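Take a look at the structure below.
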Amino acid sequence: MSPRAIYRHVVHTIRHAPEGGITYEAFCTAANCEAESGPHAEQEAAQDWALRHTGRTGHNLFRRVFTDHAKVTRAE
């Protein structure tokens, strides 16, 4: 008898997991500037950092990153 594998397609969903929260960060994209806000639980904190950084340096372009947590569940 030869071994066999049986595959079954199982549908899953992926959704935001509120218990994981969301993290907000801002990164300065000016040449040779590696400044970053660090992770914050509130969007306003990352935005305020970018505003202060612009005031101090004149740098005015930022990459914003919003990170959430997702949960995968089996659809039944």
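The values are calculated or read from the model by the stated rules, or taken from the named source; none is laboratory data. All figures in this text were calculated on a predicted structure; none of them were measured in a lab. Here Cβ is always computed from backbone atoms with ideal geometry, including for glycine, and neighbour counts include all displayed protein chains. Heads up: the accessible areas ignore ligands, DNA and RNA and are worked out on the full protein's heavy atoms, side chains in. Shrake-Rupley method; radii C 1.70, N 1.55, O 1.52, S 1.80 Å.
How many percent of the accessible area of the chain is carbon or sulfur, using a 1.4 Å probe? Let's see the in-between values first.
Numbers: 3310 of 6270 Å².
On the chain, the fraction of accessible area on carbon and sulfur atoms equals 53 percent.
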Longest principal axis of the chain (C-alpha) makes with the long axis of helix 43-57 (C-alpha) an angle, in degrees to the nearest 10, of 40 degrees
For region 25-30, in residue order, the Karplus 3J(HN,Hα) values (coefficients 6.51, -1.76, 1.60; θ = phi - 60°; whole Hz; Gly and Pro = x) are 9, 10, 10, 6, 10, 5
Among 40, 53, 12, the residue with the largest mean-square fluctuation in a Gaussian network model of the chain built from Cα contacts under 10 Å is 12
Note, region 12-17: 3J(HN,Hα) by Karplus (6.51, -1.76, 1.60, θ = phi - 60°), whole Hz, Gly/Pro = x, goes 10, 10, 10, 9, 4, 9
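Exactly which trypsin sites (Lys or Arg not before Pro) in the chain are in a DSSP loop and have at most 10 other Cβ atoms within 10 Å?
Within the chain, the qualifying trypsin sites (Lys or Arg not before Pro) (loop, at most 10 other Cβ atoms within 10 Å) are 4, 8.
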If every Lys and Arg gets +1 and every Asp and Glu gets -1 at its Cβ, then about the Cα centre the chain yields a dipole, in debye to the nearest 20, of 500 debye
extent check for the chain: Cα max minus min per principal axis, descending, whole Å, gives 73, 28, 14
Counting only protein heavy atoms and rolling a 1.4 Å probe, one gets per residue an accessible area for the chain in Å² of 83 Å²
Taking Cα pairs closer than 8 Å and at least 6 residues apart, the relative contact order of the chain in percent is 45 percent
